[in-house]
Amino acid sequence: MPFLDAIRLALQTIWVQKLKSFFTLLGVMIGVTFLIAVVSIVGGMSRYMSDELVGKIMAINSFEVRQRPNINIGDNSEEHQRELRRRPRIEEADVAPIVAALEPDIRYAAVGIGSLNAESKYQLKPKATRVFTVTPDYFDIKRMAPVKGRLFSPQEYEHGSNVIVIGQDVAKYYFNGLEPLGRELIVKGLPYTVVGVMETQGSAFGQSFDQFIVAPHTSPLNRLVNPHGLINSIIIQVPGQRSMVSTMENVREVMRIRHHLRPNQKDNFELQTSDSALEFWNKIKSYLVIAGVALPAIGLVVGAIVIMNIMLVAVAERTREIGIRKALGAKRRDIMSQFLVESATLSTLGAALGVATGFAFAKVISMLSPLPAAVELWSVLVGISIGAGVGVIAGVYPASRASRLDPITALRQE
Amino acid sequence: MSYETVEAPLGMTAERQAVVAEAGQAPGKDWVIVTRGIKREYDMGGEVVRALRGVDLAIMRNEYVAIMGPSGSGKSTLMNTIGCLDTPNAGEYWLNGQQVSTMTDDALARVRNKEIGFVFQTFNLLPRATALHNVELPLVYAGVSSDERKRRAREALTRVNLEDRMDHRPNELSGGQRQRVAIARALVNNPSILLADEPTGNLDSSTSEEIMRVFETLADQGQTVIMVTHEPDIAAHARRVVVLRDGVIASDDRKSSFVEKLGILAPTLK
């Protein structure tokens with residue numbers, strides 16, 4: 001019998017007994033639902049991790065020289081934390097030797113970060129605000145641009161003028177509806193003039209990235225943020241055509257010499273890339289994917305057993321039909337493929353419904369939680385083909401029993 | 001296929017040739033069925049039932065034959081064997097020049113599909129399929145394309161005057177109409193023989209007559225018809241009557257002589 005005829009026949013048979021068919025394919029449907037939902041949620045989390053979280057903290061094509069990682073999703077043991085705290089800080093004095101080792105087209109920015117209380121004439125209640133002091137290329141590397149006003153001029157960098165640019169939350173809090181440009185924020189008694197308001201940076205895990213003040217590294221703020229010539233990090237952005245790895249090795253070399261490390265000693269500084277920040281997440285993700293595949297697999301096994309049983313019942317119920325078909329010239333192969341196609345169609349329908357409900361499930365979760373669920377095409381294809389495969393496997397035994405029925409006995413069946 | 005062409009490929013023994021020659025009294029006619037010494041035994045829970053004990057039967061193309069016999073005479077087994085639903089334990093069965101008795105299941109299925117049109121007592125139509133689809137079924141297994149199938153199925157249904165009932169399901173048809181659908185299904189693949197098993201067993205007498213008239217017409221048009229029945233008045237429509245008893249042929253008569261004997265046989269057949 002041609003394949004299309006077999007599928008049409010299977011669909012007819014399934015449609016005639018809608019409710020029974022639905023319960024039969026329920027197991028496969030639930031299995032595939034969970035497969036799609038888990039894969040979508042893990043995929044969504046993954047995208048969230050790399051795009052939103054790490055992407056917002058780390059600039060593109062860049063790495064940071066740091067005392068310790070600022071994104072630490074991995075080893076949180078007390079011992080490890082102690083080791084991190086014992087490391088020497090990065091110093092302003094480190095910048096020049098590192099820059100000397102870089103190719104001339106590689107950009108860098110030295111960054112100091114601190115938390116300071118600021119106030120304004122319009123908002124007397126001080127609030128702890130993150131203050132960054134940066135070298136000129138910082139905004140370029142981080143791809144930050146002002147929505148209002150401007151960035152710092154070279155002269156302001158050179159003279160350490162009392163100018164700042166602020167994030168949207170800061171603008172809202174301290175100037176409360178007023179035009180912030182040209183107005184002043186007061187930090188530790190000194191006024192700083194706002195020259196720019198940056199575009200919004202968004203948020204991750206409910207934490208806003210718009211609550212910041214940026215000042216030139218020569219600003220008086222630098223002494224408050226980075227006392228004793230210490231800085232937080234040096235961001236190094238490697239142009240696409242240059243090797244990030246070899247640049248990192250050069251920088252590592254400089255830092256090891258400056259920290260007087262012997263060859264057998266481990267680095268006591270961090271070269272953080274977005275990959276290294278995501279490393280631990282990727283490890284968790286692989287476990288989640290395994291779990292997300294193993295659990296639905298149980299559902300699929302149950303689904304397969306249900307389908308097999310129902311198909312065995314169908315073969316018993318339709319013995320006479322099988323006898324008629326055989327008398328009219330159906331070969332074993334014809335009967336076999338009729339029942340195989342029927343169980344595969346049933347199961348594939350279940351898988352298709354499962355894909356749909358899995359989608360819906362993922363959508364609901366992404367609506368109710370901050371996790372964006374991203375449905376991936378491969379999971380749909382895998383889900384559907386698993387459905388078809390389960391149907392074929394579950395159908396083999398009933399179909400071969402049907403195909404081996406003796407036509408005379410089958411015809412005699414009431 | 002003439003007797004002469006049948007002879008060589010069959011590799012018949014001299015004895016066989018004698019049987020065939022005896023049966024082939026009308027030269028130039030084709031042999032559709034030739035059986036020799038067919039035996040069929042069943043093992044029914046340790047007890048061996050010998051349903052056929054050596055049946056020699058030769059049927060020519062265009063014959064209209066009734067096979068009769070009391071229950072237990074082996075006529076159903078003979079019918080199943082002729083219909084290639086069953087194979088004999090011993091003996092040979094040649095259908096249209098093909099040695100059927102040693103064929104595999106799939107080869108038998110192909111023979112059933114191409115050479116035999118079944119008409120059953122209980123119609124055996126697929127209940128959920130329309131008349132048209134039921135008639136299409138043998139063509140599906142013959143690998144005929146969908147359009148061609150529909151065309152030929154319509155043609156066959158028209159032949160049995162059911163052109164206005166094509167889209168009805170069996171439960172929307174009367175008994176006689178169902179049996180005519182079954183006849184159309186049997187004819188749709190142009191089989192060598194039309195094999196009917198008690199075709200009027202589930203029908204009232206007027207509908208029976210209607211079905212017998214269909215058979216009559218088909219036989220007149222040259223269709224070979226073999227019909228198993230235990231009703232003498234139904235068998236009387238046939239032009240040759242083979243009577244089985246205890247697994248062997250008890251008598252084999254052409255119409256002229258059979259009609260005379262009918263009166264004598266009738267009591268035992270009932």
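What follows is calculated from the coordinates using simple rules that are stated; it is not laboratory data. Computed from a prediction, not measured in an experiment: that's the story for all the values here. Positions of Cβ are generated from backbone atoms using ideal geometry, with glycine treated the same way; all protein chains shown enter the neighbour counts.
For the stretch A:146-188, list residues with backbone N below 14 Å from a point placed 7 Å from the Cα of A:LYS121 toward its Cβ? Within reach of a label on A:LYS121: A:175-176, A:178-186.
Label-to-label distance, A:ALA360 versus A:ASN76, with points set 7 angstrom from Cα along the beta-carbon direction: 3.6 nm. Working from label points 7 Å from Cα in the Cα-to-Cβ sense, the B:SER205 to A:THR218 distance is 12.6 nm.
For A:LYS125, the aspartates and glutamates whose Cα falls under 17 Å of its own Cα, not counting residues fewer than eight places away in the same chain, are A:ASP169, A:GLU184. Contact order, relative form, for chain A: 31 percent (alpha carbon pairs under 8 Å, 6 or more residues apart, mean separation divided by residue count). Taken residue by residue and averaged, Cβ atoms of other chains lying within 10 Å of the Cβ of B:100-106 number 2. Selection among A:ALA128, A:THR33, A:ILE7 by position relative to the dipole of the protein assembly as shown gives A:ALA128 as farthest towards the positive end (Cβ unit charges, Cα centre). Cβ-Cβ distance of A:VAL302 and A:GLN155, R₀ of 51 Å, FRET efficiency by 1/(1 + (r/R0)^6): the value works out to about 0.10. When peptides A:213-219, B:142-148, A:223-229 are ranked by their average number of other Cβ atoms within 10 Å per residue, the highest-first order is A:213-219, A:223-229, B:142-148. Each stretch of four or more DSSP H residues adds -39500 (n - 2.57); spread over every residue of the protein assembly as shown, this sum gives -15500 deg cm²/dmol at 222 nm. Percent of Cα pairs in the stretch B:115-184 per distance bin of 10 Å, from zero to the largest separation: 23, 59, 18, 0. Per residue, the average separation of C-alpha pairs within less than 8 Å and at least 6 apart gives the stretch B:25-141 a relative contact order of 24 percent. Put in order of Cβ neighbour count within 10 Å, fewest first, the listed residues B:ARG169, A:ARG318 become B:ARG169, A:ARG318.
Among beta bridges from DSSP that stay inside the stretch A:158-296, the antiparallel ones total about 65%. Using the structure shown, select from B:LYS39/B:LYS114; A:LYS148/A:LYS285; A:LYS18/A:LYS285 the pairs with a Cα to Cα distance greater than 29 angstrom. Result: A:LYS148/A:LYS285; A:LYS18/A:LYS285 exceed 29 Å.
Membrane-span-like helices of chain A, defined as complete DSSP H segments with a Cα extent of 24 Å or more along the helix axis and a mean Kyte hydropathy of at least -0.5, are identified as A:18-47, A:274-317, A:332-368, A:377-403. With Cα atoms as the point set, the protein assembly as shown shows a radius of gyration and Dmax of 44.7, 137 Å. Can you bin the stretch A:66-120 into rounded, prolate or oblate? Criterion: square roots of the alpha carbon gyration tensor eigenvalues sorted a ≥ b ≥ c, rounded for a/c under 1.5, prolate for a/b above b/c, oblate for the rest. Oblate. Bridges between two residues of the protein assembly as shown, per DSSP, are antiparallel at a rate of about 70%. Under Stokes-Einstein, with the Kirkwood radius over Cα pairs as Rh, the value for the stretch A:186-244 at 20 °C and 1.002 mPa s is 145 µm²/s.
What pairs in A:LYS142/A:LYS172; A:LYS20/A:LYS331; A:LYS142/A:LYS188 have C-alpha atoms more than 24 Å from each other? Violating the 24 Å Cα-Cα cut-off are A:LYS20/A:LYS331; A:LYS142/A:LYS188. 3J(HN,Hα) couplings calculated from phi for the stretch A:182-191 with the Karplus curve 6.51 cos²θ - 1.76 cosθ + 1.60 (θ = phi - 60°) are, in sequence order, x, 8, 10, 10, 10, 10, 6, x, 9, x Hz; Gly and Pro show x. Dipole of the stretch A:199-353 computed with +1 at Lys/Arg Cβ and -1 at Asp/Glu Cβ about the Cα centre; of A:VAL293, A:GLY240, A:ILE335, farthest Cα towards the positive end is A:ILE335. Within chain A, the longest run free of chymotrypsin sites (Phe, Trp or Tyr not before Pro) that sit in a DSSP loop with at most 16 other Cβ atoms within 10 Å is A:206-414. A crude spin-label estimate for the pair A:GLN17 and A:LYS283, with each label 7 Å from Cα along the Cβ direction, gives 5.2 nm. Rounded to 0.05, the FRET efficiency of the B:GLU163 and B:ALA236 pair, given R0 = 30 Å and the Cβ-Cβ distance, is 0.50.
Per-residue extension of 0.36 nm, minus the Cα-Cα distance of B:ARG151 and B:GLN98, leaves a gain of 16.1 nm for this segment.
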